[in-house]
Every structure is written in structure tokens, then in C-alpha cells.
């Protein structure tokens, strides 16, 4: 069965006809040609497919596209203006938290949600907060350092100018 959906992705309104069984990750990658959202496990275990849906991180490999009708979605491509890095992206670069890069887009978007709800997390809270996103290349130490750096940088940005 086909359904017409309309959503906003990275600030752009998109309308399309999709099969009722189409997963959001396939809609993003195949219909919109945004390949920053990765397909890792197809079971929501790895988190490589994480996007922000109405500001909340979701694993798009188990989320139906029709369910996203009317939603606002942010993928890694829409996190910051072209040619610039979001503070989280910059921190992952600075702290070498991205090794092969496969998990990085999902990890970064999960971090956006984590820091929105907890702008100054402890190391333990960071590790718990990203526990649903797997990295097969690192021991997570540099990812944790990156999130700590991003939290500090983002806190500075929110403080009023003196």
C-alpha cells in the first residue's frame, strides 16, 4: 500500500509517495540520496542509522517512513551549515573520536540529543548516553573525550557575552 507523506528534512520540505513498509533509513538514503545516514545492522542495535526526529534521536532502520509524516528530521548533512562544523563534529575531529567514520554520523546525532538533555554530563553519563550506538573501531575513550570537549564548547556559546 502506498502513502503520501510530507516532512521537513534538514530544513527542506519534502513530499513523496512511499510504500507502507518503507523504513525511514531507506527513504533518506534511496529517495533523498542522503548517504550520511548509514545502515549497519537493520535491527536498531548499532545506531549507525541514528537521526533526529523532532529533536529526539531515533534509529531510522526500524522506524517506518509513513510514521515520520509531518515530522522534522535532521540528518548529519543538516547538522550545521555547509562548510562549517557543529561543535560536536569539531570535537570528534579534535579528539580523534571517528576512526573509520562509519558510526560517526549516528554517534554525533545521538550526542546532540544527549547534550540537549544533559549539557554537562559526567563520563559515566556519557557512556550510558551513547550505549545504544556501537563503535567497532575504538575503545570509546576518544569519543568520550570528544563529547566532553563539545559539552564545554557548547556551554561557552550559551553564556552571555561579557
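In the set (1) over 17 Å from the mean Cα position of the chain (by Cα); (2) within 22 Å of residue 133 (Cα to Cα); (3) surrounded by 19 or more Cβ atoms within 10 Å (Cβ to Cβ), residue 96 fails one condition alone, (3).
Go over the candidates 21, 127 one by one and state the one that is in contact (Cβ under 8 Å) with a residue 12 or more places away in the chain and loosely packed, with under 14 Cβ neighbours inside 10 Å.
21
Values in this text are rule-based calculations from the coordinates and carry no lab data. Since the structure is predicted, the reported quantities are computational estimates derived from the model, not experimental observations. Neighbour counts run over all protein chains shown; Cβ positions are idealised from the backbone, glycine included.
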